[in-house]
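The values are calculated or read from the model by the stated rules, or taken from the named source; none is laboratory data. Predicted, not measured: the structure shown is a model, and the values here were computed from it. Here the Cβ is made from the backbone with ideal geometry for all residues, glycine too, and neighbour counts use every protein chain on show.
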Amino acid sequence: MSIEKAVEFDDYCHSHQPPIAFIKSEVCGLFGSVFCDFGPEFTVLDVDGEEPHTGIVASISNDNPALVSCVDDERLEFQDGDLVVFSEVHGMTELNDGKPRKIKNARPYSFTLEEDTTSYGTYIRGGIVTQVKPPKVLNFKTLKEAIKEPGEFLMSDFSKFDRPPLVHLAFQALDKFRTELTRFPIAGSADDVQKLIDLAISINETLGDSKLEEIDKKVLQHFASGSRAVLNPMAAMFGGIVGQEVVKACSGKFHPLYQFFYFDSVESLPVEPLEPSDLKPENSRYDAQISVFGAKLQKKLEQSKIFMVGSGALGCEFLKNLALMGISCSQNGKLTVTDDDVIEKSNLSRQFLFRDWNIGQPKSTVAATAAMAINPKLHVEALQNRASPETENVFNDAFWESLDAVVNALDNVTARMYIDSRCVYFQKPLLESGTLGAKCNTQMVIPHLTENYGASRDPPEKQAPMCTVHSFPHNIDHCLTWARSEFEGLLEKTPTEVNAFLSNPGGYATAARTAGDAQARDQLERVIECLETDKCETFQDCITWARLK
């Protein structure tokens with residue numbers, strides 16, 4: 001979409017009452033952009049999405065300012081300027097009014113209140129202090145205004161501090177190039193590269209105070225040459241970012257992008273200069289990648305031997321991306337994926353390669369089959385072995401020596417440390433990742449160049465990652481998650497299904513016909529069980545049912 005057309009849409013959304021959130025995203029080769037405009041006044045209800053920090057009160061002084069001390073079992077996470085509320089305080093009951101109070105001098109186990117408590121009651125015992133998150137109002141500019149005066153850019157890489165303004169200029173030059181020539185620059189074309197550079201210089205001269213002192217022509221060359229290509233990894237990344245922005249716009253939770261975000265990965269390009277002949281399309285599904293990385297590198301990707309450990313939420317995403325990129329898709333390539341877990345119902349909301357009818361089946365087998373449906377040429381072998389010292393007869397020295405790279409999609413530190421140790425021993429590159437709610441981490445380990453995963457240890461998270469509920473829960477977190485899933489199924493989902501059936505049997509039957517076979521069968525079994533098999537008519541029946549369940 002041209003900038004002119006995008007401005008037209010954004011002006012309508014911005015002036016609409018109520019305002020309509022407008023998000024524009026674009027991927028051009030190894031460069032991508034996102035622009036957000038949520039209206040003249042957008043209220044963010046929860047800036048970071050984290051659970052409010054709490055503390056247990058140990059004492060409160062009758063002073064001005066008052067000193068609040070908390071029990072030393074756990075460090076406080078408060079910061080100076082935070083707002084807090086008190087509850088369940090005995091003695092100094094004046095603090096239980098629910099009024100947010102600002103704190104200062106925050107320490108690991110104490111803080112002071114900007115309040116005079118000398119006339120309050122004497123603190124006796126108890127009390128919980130809870131952080132309050134004040135709403136934040138953001139005033140978004142229109143796209144037309146923001147292009148001219150973008151303000152501060154959200155940084156994605158602090159080693160490229162001057163890159164966002166340059167990429168901002170590059171996207172404007174590309175829009176003008178497409179308007180004048182009605183096409184994208186041709187990969188490897190020196191004339192098209194020079195044309196885009198000239199346009200960028202021309203636009204830069206009109207920027208006044210925002211004018212760039214220096215223009216990195218090498219970056220613009222990479223931008224122009226690959227601008228036609230939409231690469232799967234970049235599309236996946238920006239699709240995730242935009243999806244999160246939609247959630248922010250609808251919920252008011254998490255701070256939205258304000259307003260331009262640019263990202264590039266030019267360091268992914270081969271070190272050696274690419275010949276224009278190597279960038280020519282071959283009429284294959286990988287032409288976009290060839291136009292950026294060249295045919296030689298694409299062939300190398302297709303011949304790669306990859307070991308992926310885990311096929312849960314991250315594993316499904318990795319498998320999809322690997323299949324779309326053509327990795328391990330030649331006769332000499334091979335992708336080995338292993339996971340000893342089976343598919344649970346709780347997995348279906350985030351592990352998108354699985355369906356209702358796959359419940360109880362091995363994750364690795366189902367994920368591999370789904371990946372081959374995406375790209376039939378994918379050479380993948382699915383195993384159900386846990387990667388550990390006990391399975392080194394399966395993953396032996398010959399297996400490790402044959403690999404080109406290893407991808408971790410694990411949910412526990414012990415397995416990560418083991419895989420890392422094997423990669424260090426056999427000198428194999430490792431892609432390490434992890435997720436926790438809306439947070440994630442990525443570490444690229446390259447032999448003799450970067451530190452390995454086990455070289456540093458992060459402090460333990462207070463929240464445990466619930467990547468899976470195992471068939472046989474083996475720690476307290478798995479047990480709690482399993483119990484919660486059972487509770488919701490028995491006491492929330494089943495009564496909801498029964499009430500829906502009783503209120504409108506005909507409509508319920510129609511909805512069941514349109515649902516998937518496995519889903520409809522599960523819902524009907526719940527209703528039959530509740531109304532016939534385990535029908536409860538008295539309170540004593542309910543007690544008996546709950547006890548037997």
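The listed residues are VAL71, VAL44, VAL84, and the only one of them that is in contact (Cβ under 8 Å) with a residue 60 or more places away in the chain, β-branched (Val, Ile, Thr), farther than 30 Å from ASN232 by Cβ and in contact with a Phe, Trp or Tyr (Cβ under 9 Å, 6 or more places away or on another chain) turns out to be VAL44. Among the residues of segment 391-399, is any under 25 Å from ALA323 (Cβ atoms), in the same structural domain as PRO447 (by TED's automatic domain parsing) and assigned to a loop (DSSP other than H, G, I, E, B)? The answer is yes, given that some residue of segment 391-399 is under 25 Å from ALA323 (Cβ atoms), in the same structural domain as PRO447 (by TED's automatic domain parsing) and assigned to a loop (DSSP other than H, G, I, E, B). Put simply, of GLU205, GLU245 the only residue that is under 28 Å from the mean Cα position of the chain (by Cα), assigned by TED's automatic domain parsing to the domain that holds GLU26 and acidic (Asp, Glu) is GLU245.
Meeting the requirement of 3 or more residues that are within 30 Å of ARG178 (Cβ to Cβ) and in contact with a helix residue (DSSP H, G or I) (Cβ under 8 Å, 6 or more places away or on another chain), the strands (runs of 3 or more DSSP E) wholly within segment 25-84 are 31-37. Residue count for segment 362-385, restricted to those that are within 26 Å of the chain's Cα centre (by Cα), of a type outside the set (A, V, I, L, M) and under 18 Å from ASP340 (Cα atoms): 5. No other residue among SER156, SER210, SER189 is small (Gly, Ala, Ser), within 18 Å of GLU267 (Cα to Cα) and in contact (Cβ under 8 Å) with a residue 60 or more places away in the chain apart from SER156. Please identify the pairs in which a residue from segment 412-424 that is closer than 17 Å to GLY312 by Cβ has its Cβ atom under 9 Å from the Cβ atom of a residue that is crowded, with 21+ Cβ neighbours inside 10 Å and of a type in the set (Phe, Trp, Tyr), counting only partners at least 6 apart or on another chain. Qualifying pairs under 9 Å: ILE419/PHE307. Considering (1) surrounded by fewer than 16 Cβ atoms within 10 Å (Cβ to Cβ); (2) touching a strand residue (DSSP E or B) at 6+ places or on another chain (Cβ under 6 Å); (3) assigned to a loop (DSSP other than H, G, I, E, B), the lone condition that GLU381 does not fulfil carries the number (3).
Residues in segment 326-350 that are in contact (Cβ under 8 Å) with a residue 40 or more places away in the chain and over 30 Å from PHE293 (Cα atoms) were compared, and the one that is nearest to the chain's Cα centre (by Cα) is ASN347. Filtering segment 257-307 to residues that are more than 30 Å from PRO150 (Cβ to Cβ), assigned to a helix (DSSP H, G or I) and among the β-branched types (Val, Ile, Thr) leaves only ILE290. As a summary of the residue check, MET1 satisfies the conditions (1) free of Cβ contacts under 8 Å to residues at least 40 places away in the same chain; (2) over 30 Å from LEU196 (Cα atoms) except for the one numbered (2).
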